[in-house]
1. Counting only protein heavy atoms and a 1.4 Å probe, tell me what percentage of the stretch 181-238's accessible area is made up of carbon and sulfur.
2. Using only C-alpha atoms and all pairs of different ones, pull out the Kirkwood radius for the stretch 154-254 in Å with one decimal.
3. Along Cα→Cβ, 7 Å out, is where each label goes; now give me the distance between the ones at residue 134 and residue 208 in nm to one decimal.
4. How far is it, in nm, from the label point at residue 196 to the one at residue 68 when both lie 7 Å from their Cα along the line to the Cβ?
5. In whole Hz and in residue order, list the ³J(HN,Hα) couplings for the stretch 116-129 that follow from phi through the Karplus curve 6.51 cos²θ - 1.76 cosθ + 1.60, θ = phi - 60°; x for Gly and Pro.
6. Just to be sure I understand the model, the point goes 7 Å from the Cα along the line to the Cβ. What's the resulting residue 267 to residue 17 distance in nm?
7. Through the Karplus equation 6.51 cos²θ - 1.76 cosθ + 1.60, θ set to phi - 60°, convert the phi angles of the stretch 226-232 into ³J(HN,Hα) values in whole Hz; use x for Gly and Pro.
8. For the stretch 212-219, what does the Karplus curve 6.51 cos²θ - 1.76 cosθ + 1.60, with θ = phi - 60°, yield as ³J(HN,Hα) per residue in whole Hz, taken in order and with x for Gly and Pro?
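The values are calculated or read from the model by the stated rules, or taken from the named source; none is laboratory data. None of the values given here were measured: they were computed from a predicted structure. Here the Cβ positions follow ideal geometry from the backbone for every residue, glycine too, while neighbour counts run over all protein chains shown. Please note that ligands, DNA and RNA were not included when accessible areas were found on the heavy atoms of the full protein model with its side chains. Shrake-Rupley method; radii C 1.70, N 1.55, O 1.52, S 1.80 Å.
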Amino acid sequence: MNELFAFLVRHSKWLVFTFLVSVSCMLLFHNDPYRQHVYLTSAGRLASAAYKSANNVTSYFNLHEINDGLNRRNAELEAEIVRLNEKIGIMTEQGYTDTLAIDSGVKHFEFIVANVINNSIARPYNYLTINKGSRDGIRPELGVVDRNGVVGIVSNVGPSSARVISLLNPHFRLSCKIKRSEYFGSLVWDGDRPDEALLEELPRHTVFNVGDTIVTSGYSAVFPAGLPVGVVLDDNTDRNQNFFTLRVRLLTDFTTLSNVQVVVNNEADEIKALSAGEENDSKKNPFGN
C-alpha cells in the first residue's frame, strides 16, 4: 500500500495532467458538432489504417497456403490439357476410320504437386530434390515438369523426398520433336548454359524456323506428347551431315525453380511390359536354331 501511495505521489503531476486533458477534450467535443465530426473522422482513419496493416500481415502469412492452392490447381489444369490433347488425337484418328470408338474417360496421366528443396545448376551433372516421396505416390522413372516445361526425371525415392535427374544433366536424354511436325530427336544438355540445350540426331531434311517450339514426342512412358520444352535458337551443325543439331533455349528457368509437378502415367507398366516383349522377340532366332 505504501508503494502504491508513493507511486501516485511520484507521478501525481502526470496523472493530474492526463485528467485535465481528458476533461478538456470532453468539454471541447461535447457541444461542438464540427469538432465531433473531425474527431470521428480522424479516429476512423486511424482504425482503418490499423485494420489495413493487420490485414497485410495476415495475408503475408497466408501466401504459402494460397501458393499451394494455385499449384494444385495448375496440376489439375495440366492433367486436363493432357486429356484434351489425347481426345483430340483420338478424334483426329476417327476422321480416318469410322470403326474407332472414342474413349471418353482418357485419364492416362496424373500430376502430383511438389516443392523443390534442393537444386544445382552449375555442376557437370545436376540434380534436384523434391519434398514428396513414396508415401505420396512418387516412384523412380516418373517425369517432373513445372509450369513452363520439362524439369527432369525421378531417380531415387525415399519415404518423404525424392531425387530428380535434372534436364541440366548429360545423363538425361529426352525425346523431343518440332511442334506441328513429325521430325524428332534427342534433347541433351551440353554443360554450357543453364538455359540452353541441344536437340540432336535430327534428319538433314528436317524443316524448321528459328523460334519454333520444341515439345516432347510422347515416344516414352514418362512424359505425355506435346509438353513444352524450349524454342529453336539456331542450327548448330553442318546440314551436309546425315544428322544435324539445333540449339534450343529451354523454357524452364532452373535458376528460380521452386514448384514442380510429378507426372504419373497410369499405363506405364503396360507400356514397359509390351516393350520388354518386343525386345525378347528380337533376340529369338527366327530359324529356331
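1. Values: 1250 of 2580 Å².
For the stretch 181-238, the apolar C and S fraction of the accessible surface comes to 49 percent.
2. One decimal place: 14.1 Å for the Kirkwood radius.
3. 4.0 nm
4. Placing both labels 7 Å along Cα→Cβ, they lie 4.0 nm apart.
5. So the Karplus estimates, Gly and Pro as x, are 7, 10, 7, 7, 10, 9, 10, 8, x, 10, 9, 9, 9, 10 Hz.
6. If labels sit at residue 267 and residue 17, their model points lie 8.4 nm apart.
7. For the stretch 226-232, the Karplus curve yields x, 6, x, 10, x, 10, 5 Hz.
8. 4, 7, 9, 10, 5, 7, x, 8
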